[in-house]
Amino acid sequence: MPLQQEESSEQQFRLQWLLPHRLAVREGWRYASLDGLLMAHGRWFTPSPLPAEVAPGVPGACFRESLAWASGQPPNDTAYVQGFADDMVLGRTAHAWCSWADARAIDRTWNPPGVAYTGLPLLPEAAKSFMDDNGTWCVLFASGGVISPTAEEWMRHGIPQGVLADIGIPFSAAFP
């Protein structure tokens, strides 16, 4: 069951930026943009220090490191998350991390952790399947900062059943 909480001022700032993207329309597409897809299905994740029981990963290899760790956890305990993380230097960056049911961002490749995390919580086995199909470590992103074929398919037709984990904090209903 997803957690409920009030958005922080950092989260409210991000929602204000994302809102126009959710309302945009692209004829024949379910979502006009990746941000629209994230507004419909994405979740917040709480920035937190890396838990002591989790080994740090290789900086710069977030997609591979996060999938490898999530895949080694008990089924249904951990989500592999792709989306955007913010830090004080890079700003909004395509990123991957993991989360448990408590919605903590378990970020093995950023130390210190980011200040905000928004993304799609994916079942690790589903993420691995999409990555294998695409021949890449990413589900949502392709090289050069463009969206992946999988993300484009989901923007056109929606996310298939059995792909998302019910982990993370849903966006507030105050932002339709």
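The values are calculated or read from the model by the stated rules, or taken from the named source; none is laboratory data. Nothing here was measured: the structure is a model prediction, and the numbers come from that model. In this analysis, Cβ positions are derived from the backbone assuming ideal geometry, glycine residues included, and neighbour counts consider all displayed protein chains.
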>> So, in segment 102-140, exactly how many residues are out of contact with any Lys or Arg (no Cβ under 9 Å at 6 or more places or on another chain), in a loop (DSSP other than H, G, I, E, B), within 12 Å of W44 (Cα to Cα) and hydrophobic (A, V, I, L, M, F, W, C)?
In response: 1
>> If I filter segment 133-148 for residues that are under 19 Å from L38 (Cβ atoms) and among the charged types (D, E, K, R), do I get at least one hit?
In response: no
>> Conditions first: (1) buried (at least 20 other Cβ atoms within 10 Å of the Cβ); (2) touching a strand residue (DSSP E or B) at 6+ places or on another chain (Cβ under 7 Å). W154 passes all but one, so which condition is the exception?
In response: (2)
> Does T93 satisfy being crowded, with 23+ Cβ neighbours inside 10 Å, of a type in the set (S, T, N, Q) and not in a loop (DSSP other than H, G, I, E, B)?
Replying inline: no
> Which residues, taken from segment 50-104, are of a type in the set (V, I, T), under 28 Å from G36 (Cα atoms) and either under 15 Å from the mean Cα position of the chain (by Cα) or modelled with pLDDT of 95 or more (or both)?
Replying inline: T78, V81, T93
> Do we have S143 as exposed (fewer than 14 other Cβ atoms within 10 Å of the Cβ) and either in contact with a strand residue (DSSP E or B) (Cβ under 6 Å, 6 or more places away or on another chain) or at negative phi (or both) here?
Replying inline: yes
>> Looking only at segment 49-68, filter to residues that are part of a helix (DSSP H, G or I) and out of contact with any strand residue (DSSP E or B) (no Cβ under 6 Å at 6 or more places or on another chain); which one of those is surrounded by the most Cβ atoms within 10 Å (Cβ to Cβ)?
In response: E65
>> Out of the residues in segment 76-90 meeting the condition of being among the aliphatic types (A, V, I, L, M) and in a strand (DSSP E or B), tell me which one is farthest from H41 (Cα to Cα).
In response: A85
